[in-house]
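Quick one: the structure is below, questions incoming.
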Amino acid sequence: MKSKTIHLDEDQLIWSVVDENDLAPAVRNHLSSCPVCQERKRHFEQELNNLGNMTKAFSPLPREKPVPVVQIFRNWLRPAFVSGFALVLLIMGIWWSSPFPVSQENRMTQAVGEMEDDSQLVVEIRVVEEYALPDLYMDIAGESYGYFGDEFLEFVVPLEENQIRSTGSARPVRLIHLIS
Amino acid sequence: MADSKYQQVSELVDKARHGNRNSTDQLVMLFHEDIFRMVYYRTRSRMDAEDLTQEIFMQMIKSLPGLKKTSRFKSWLFRIALNRIKDFYRKKSILNFFGTSTEVDESYQEISQNDDDPIDKLMRKEFWEQFRQFTEGLPRWEREVFILRFADHLGIREIAETLKKNESTVKTHLYRALKKFRQTPGLHDLLKGGVP
Ligand SMILES: [Zn+2]
């Protein structure tokens, strides 16, 4: 009889909300048969339910619906691809315009090599200019392409001092014509 | 009802972790609002909550193949979320230290539902203020357990799995938090009326 009048104290009431099974058997028995304590517990739980409902009701909703997985990865991959491409371009840029001493040496070596190639090419061009035909053909022709006799050159390009200038005329007159 | 939902989630998780994109999408749809809200309760900013929610689901998708017990998916997801929120605050405190943070304490201000109703607006503001005061006055674990239990609606076992603590520790934290809640008249009184 007495046990029915001893209601749950504050701590027991809180424990009943945390987990009723953790109450001592006697207290649990009292709770299961006491409408007063049941009402106190129900009231407390209702408050906590209200807390949950209010946090939910007073929260905003996300402005956007969840993005499908495929879209998420597409969104993630696109900037990743662009960043990767930009990185490749950056590395190429650094490679071509690298200011470091090691690559300066490389560039010097490269320049020397190019100069050697150029001078070799010039020599080859000169050879081709002067000996356009192979030696065999030059032997057949009986002359050397690299050599013209002074007489022949004087005929084609007369020297200045051999020219006679007529008075009042700037036009040169060839000596050879005057003789003839 | 709850059992069938757990069963449905377990089946989706099992398919999703084997690469089924449709199941992954369904899981995201199922938990999107819950995760958004749990982040919002802890950041008080809709924008941050949206960004973090997106990141949490990205993390979920990446880590899903490594999840061993499909029945623990919900607590596993909440654990990812809590870790992400912790990172968010860590980053924020570093930015604050260097004075480069653009932090604005939004204090639960940007809400869209019934935003035109001044009484509703006032009540909402009052509620969040009381909620903030109460939860921030609690020690860390008590606060986390209290919010997980009554705002995020996780059970004791789920909270224990989320926080990697044993159930009796969780109950002790919850008991202490509830004891303080009973002694806090502001929030206590506000809740008597419930949702208007
Ligand atoms: Zn009683």
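Where a number appears in this text, it was derived from the coordinates with a stated rule and is not lab data. Because the structure is predicted, anything quoted here is derived from the model rather than measured. Positions of Cβ are generated from backbone atoms using ideal geometry, with glycine treated the same way; all protein chains shown enter the neighbour counts.
Provide A:ILE91, B:ILE147, B:ILE35 in ascending order of the number of other Cβ atoms located within 10 Å of each residue's Cβ, fewest first.
Ordered from fewest to most neighbouring Cβ atoms within 10 Å, A:ILE91, B:ILE147, B:ILE35 come out as A:ILE91, B:ILE147, B:ILE35.
Right, next: Where in segment B:158-194 does the label zone of B:ARG79 land, with the point 7 angstrom along Cα→C-beta and an amide N cut-off under 20 Å?
The answer is B:158-174, whose backbone nitrogens lie closer than 20 Å to the label point.
Please compute the average number of Cβ atoms from other chains found within 10 Å of each residue's Cβ in peptide A:44-53. Could you put the intermediate results ahead of the total?
On the way: counts 3, 0, 3, 10, 7, 5, 7, 14, 7, 3.
Neighbouring Cβ atoms belonging to other protein chains average 6 per residue here.
Mind sorting A:SER59, B:SER71, A:SER32 by how few other Cβ atoms lie within 10 Å of their own Cβ, fewest first? Mind dumping the intermediate values first?
Values: A:SER59 23, B:SER71 13, A:SER32 10.
With the fewest neighbours first, A:SER59, B:SER71, A:SER32 line up as A:SER32, B:SER71, A:SER59.
Can you give the FRET efficiency for B:ASP117 and B:LYS5, using 1/(1 + (r/R0)^6), R0 = 30 Å, r = Cβ-Cβ distance, to the nearest 0.05? Intermediate values should be presented prior to the final figure.
Working: r = 33 Å, r/R0 = 1.11.
It comes out at approximately 0.35.
If you rank A:VAL36, B:VAL13 by fewest surrounding Cβ atoms within 10 Å, what's the result?
Values: A:VAL36 11, B:VAL13 23.
Taking fewest neighbouring Cβ atoms as first place, the list is A:VAL36, B:VAL13.
Remind me, relative contact order of chain B in percent, using alpha carbon pairs under 8 angstrom and six or more residues apart?
Numbers: 139 pairs, mean separation 36.4, N = 196.
The normalised contact order for chain B reaches 19 percent.
Something else about it: Can you work out the FRET efficiency for the pair B:MET29 and B:GLU167, with r the C-beta to C-beta distance and R0 = 22 Å, to the nearest 0.05? Can you show the working numbers first?
Values: r = 30 Å, r/R0 = 1.38.
Computed FRET efficiency for B:MET29 and B:GLU167: 0.15.
Do the alpha carbons of any pairs in B:LYS121/B:LYS180; B:LYS62/B:LYS121; A:LYS56/B:LYS74; B:LYS92/B:LYS125; B:LYS171/B:LYS192 sit beyond 30 Å of each other, and which pairs? Mind dumping the intermediate values first?
Details: B:LYS121/B:LYS180 27 Å; B:LYS62/B:LYS121 40 Å; A:LYS56/B:LYS74 18 Å; B:LYS92/B:LYS125 25 Å; B:LYS171/B:LYS192 24 Å.
Among B:LYS121/B:LYS180; B:LYS62/B:LYS121; A:LYS56/B:LYS74; B:LYS92/B:LYS125; B:LYS171/B:LYS192, the Cα-Cα distance tops 30 Å for B:LYS62/B:LYS121.
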